[in-house]
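I have placed the structure first, in the form of structure tokens, so that the comments after it can refer back to it.
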Amino acid sequence: MSLSKVSDDTKRREQLNSILEKELKLTTDPKAPPALSTEVPRFAKLFQCSLDNVGERVQTAAREKAMEMQEAQENTTTDNDNSGDDGEVVQRVKSEEELQLWALIDIMVQSKTAVKLHMGTIGSKGSFR
């Protein structure tokens, strides 16, 4: 959860890579041959499950916030229509939940890529499916 609140993409990705490097090394048997493994490490599975759970909660919060903002905007628009203002364009600002949701999507993509690289199923070692 705290990782998804890091607003700087570079810092967040560095922290994620540090976590994944540490944990994937713990789940890898150093005596195992370097052959391609089809078994996703346990940590990666648990991390993905946690991401899914956090993502659902943040997405729900973001939806609720968006609905509140939309209702407030509709009320403001109705008030402005009655006052005779010329239509000023107000730029929408992303909510904290929305930014956190985008961070979670980035974490998901980065972690899946890192796990696939770790397993040798991406890049020149991987197979195209």
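Brief remarks follow.
- For the residue pairs Lys25/Lys112; Lys94/Lys116; Lys5/Lys116; Lys65/Lys116; Lys5/Lys25; Lys11/Lys65, the alpha carbons lie more than 23 Å apart in Lys94/Lys116; Lys5/Lys116; Lys65/Lys116; Lys5/Lys25; Lys11/Lys65.
- Net charge over other residues, Cβ less than 9 angstrom from the Cβ of Asp106 (K, R count +1; D, E count -1): +1
No lab work stands behind these numbers, since they all come straight from the coordinates. Since the structure is predicted, the reported quantities are computational estimates derived from the model, not experimental observations. When we count neighbours, we look across all protein chains shown, and the Cβ atoms used for this are built from the backbone with ideal geometry, even at glycine.
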